[in-house]
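S.K.: This structure is in structure tokens; I'll ask about it shortly.
The values are calculated or read from the model by the stated rules, or taken from the named source; none is laboratory data. Because the structure is a prediction, the values reported are computed rather than measured. Using ideal geometry, Cβ is built from the backbone for each residue, glycine included, and neighbour counts are taken over all protein chains shown. The area values use the complete protein model at the heavy-atom level, side chains included, leaving out ligands, DNA and RNA. Shrake-Rupley method; radii C 1.70, N 1.55, O 1.52, S 1.80 Å.
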Amino acid sequence: MKIVLFGYGNVGRAVARLIEVRRSYLERIGLYPKLVAVADSSGVAINPRGLDYSKLEEVKQKKGSVGFYPDCGKIGVKAIEIISDRLADADILIEVTPTNIVDGEPGLTHIREALKAGLHVITANKGPLALAMPSLLELARYTGREIMFSGTVGGGTPFIRFAEKCLIGDLILGLEGVLNGTCNYILSSMEGGLSFEEALKKAQRLGYAEADPSMDIDGWDTACKIVILAVHILGIRITLRDVYVRGIRDVTEKDLAEALRRGSTIKLIGSVDSMGKATVIPIEIPRSSPLAVPGNLNALTFHVEDLGSITVVGKGAGGVETAHAILKDLIELKARLRSRSMAT
Ligand code: HSE
């Protein structure tokens with residue numbers, strides 16, 4: 001598996017590290033991943049024989065960019081040139097550049113061009129999917145390549161794969177959940193006496209928040225996740241424009257204290273029903289609700305026709321958590337490719 005990795009930031013570095021530390025396990029199950037090209041916003045490093053993780057980290061830490069990688073680095077070369085100018089021979093793009101919900105770039109072009117060039121894509125970038133998921137899925141079908149995105153929702157907790165694998169045979173009618181670790185951390189910390197600003201700063205330090213934290217606190221990150229779940233799990237063709245979004249800026253410590261006295265709490269809840277009604281709103285819910293999860297946890301309730309409601313709870317935000325989702329996608333991709341080759 002020859003891999004190009006676009007976005008050597010918090011998540012990208014965690015992905016490279018995880019591939020390295022899990023290498024012997026991966027080899028035991030028949031996977032031989034090789035990072036042949038890595039790009040960050042300042043440059044690229046390319047080596048057909050594979051890049052060395054410790055050297056990538058050394059140049060990133062000491063000089064700020066993988067473009068300084070000895071002999072194989074190039075400062076000023078853009079990630080997309082690796083694909084458009086065929087600078088590396090690869091089969092898989094891992095795309096983890098920061099989410100941009102204005103035009104989805106640069107991730108949207110990276111994903112489109114990679115699919116057109118015959119690469120499979122694994123991404124944790126929510127912007128391209130929230131803005132153009134139906135057309136990206138169509139492009140992947142047309143080119144016969146896989147696009148996998150379980151790291152876009154839930155990070156360390158496999159919400160998407162749970163729905164794909166464990167709810168088959170029943171009808172998912174709708175879903176609702178706490179899908180933004182930063183907001184949940186802020187609201188939980190405000191209940192514990194911190195101010196909004198202090199809690200946000202802590203969430204940023206802990207690496208939960210997006211590069212632009214208004215993505216989190218104004219509800220857009222949750223809205224992106226709701227769109228991805230609606231399209232993929234419920235089969236509803238919506239985009240970000242179809243979601244009613246209100247974030248947590250107006251929730252005060254007083255609101256939280258009053259909710260607490262009533263035996264409730266306030267959570268930023270994203271939801272979508274089978275008619276395609278999609279919302280992101282801070283809602284007061286009973287403390288006994290399965291969605292009343294503390295800290296930066298995520299929780300997602302699936303409302304299912306025969307089996308009622310099922311809630312999955314676990315870690316969402318974070319580089320390591322998202323890297324695990326990407327590793328799972330890599331393993332699943334290999335399994336899908338194996339079963340394709342057995343079918344032919
Ligand atoms: N900023 C996001 C969050 C990261 O806080 O949940 C994971 O998508």
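S.K.: For LYS116, go through the aspartates and glutamates and keep the ones whose alpha-carbon is under 18 Å away, minus same-chain ones fewer than eight residues off.
M.R.: Reachable aspartates and glutamates: GLU81, ASP85, ASP89, ASP91, GLU95, GLU105, GLU138, GLU146.
S.K.: How big is the charge dipole of the chain about its Cα centre, in debye rounded to the nearest 20, if each Lys and Arg gets +1 on its Cβ and each Asp and Glu gets -1 on its Cβ?
M.R.: Approximately 920 debye in magnitude.
S.K.: What Kirkwood hydrodynamic radius, in Å, does region 106-164 give when the mean of 1/r is taken over all pairs of distinct Cα atoms and then inverted?
M.R.: Value: 11.7 Å, from the Cα pair sum.
S.K.: Find the Rg to Rh ratio for the chain, where Rh is the Kirkwood radius over alpha-carbon pairs and Rg uses the same atoms.
M.R.: Rounded to two decimals, Rg over Rh is 0.98.
S.K.: Could you report the accessible area of ASP52 in Å², rounded to 10, computed with a 1.4 Å probe on the protein chains as they sit in the structure?
M.R.: Near enough 60 Å² of accessible area.
S.K.: Region 159-316: Rg/Rh from Cα coordinates, Kirkwood Rh?
M.R.: On the Cα set of region 159-316, Rg over Rh gives 0.97.
S.K.: Report, in listed order, any pair from LYS60/LYS328; LYS225/LYS267; LYS126/LYS277; LYS34/LYS165; LYS34/LYS328 with a Cα-Cα distance greater than 18 Å.
M.R.: Those over the limit are LYS60/LYS328; LYS126/LYS277; LYS34/LYS165.
S.K.: Post the alpha-carbon centroid distance, region 173-221 to region 2-69, in whole angstrom.
M.R.: Centre-to-centre distance over Cα atoms comes out at 29 Å.
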